[in-house]
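Q: Quick one: the structure is below, questions incoming.
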Amino acid sequence: MFGWWGGAGRTARALGVVPAGLLLAAGGVLAAPVAEAATGGCAGQRTTTVAFATGEIRVYRTRTSVCAVTVPTRAGTRQEMAVSVQPRGGAPVRDAGRFTRFAGPVTVPAVSRCVYVKGDVGSGSGDSGWILC
């Protein structure tokens, strides 16, 4: 007799649906930072890691793109970081600034193309040379 917007049915439905919705939303919010921290926000399989004195560059590849992040050796303190990915024959795509956990992700389309990846953390830097050819 009472619809969704009125009567006892509304209270019962609200009490059953809202808590379940909150639990699902909280689970999604809590799980997202763990996944992002592991990959830096890149999709695909990690193919290359370029280590240097103050951090490392992590390179990920999917069927159609290449993604990279620069991760500092000592995370948590705000410091200058940068990452760039350049597909052969194209312009580099760069992310730079003062970050606490990583610079990037930077993604470029790279179907059957070599890429050149660079990264900086503070005074240290590294590059890959032409890879994934």
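Where a number appears in this text, it was derived from the coordinates with a stated rule and is not lab data. Note that this is a predicted model, so its numbers are computed, not measured. Note: ideal-geometry Cβ built from the backbone for every residue, glycine included; neighbour counts use all protein chains shown.
Q: Given R₀ = 25 Å, FRET efficiency for residue 49-residue 113 by Cβ-Cβ distance, to 0.05?
A: My answer for the efficiency is 0.80.
Q: Taking K and R as +1 and D and E as -1, what net charge do the other residues with C-beta under 13 Å from the C-beta of residue 83 add up to?
A: -1
Q: Something else: Which FRET efficiency value, to the nearest 0.05, is calculated for residue 62 and residue 96 with the Förster distance at 35 angstrom and r the Cβ-Cβ distance?
A: 0.90
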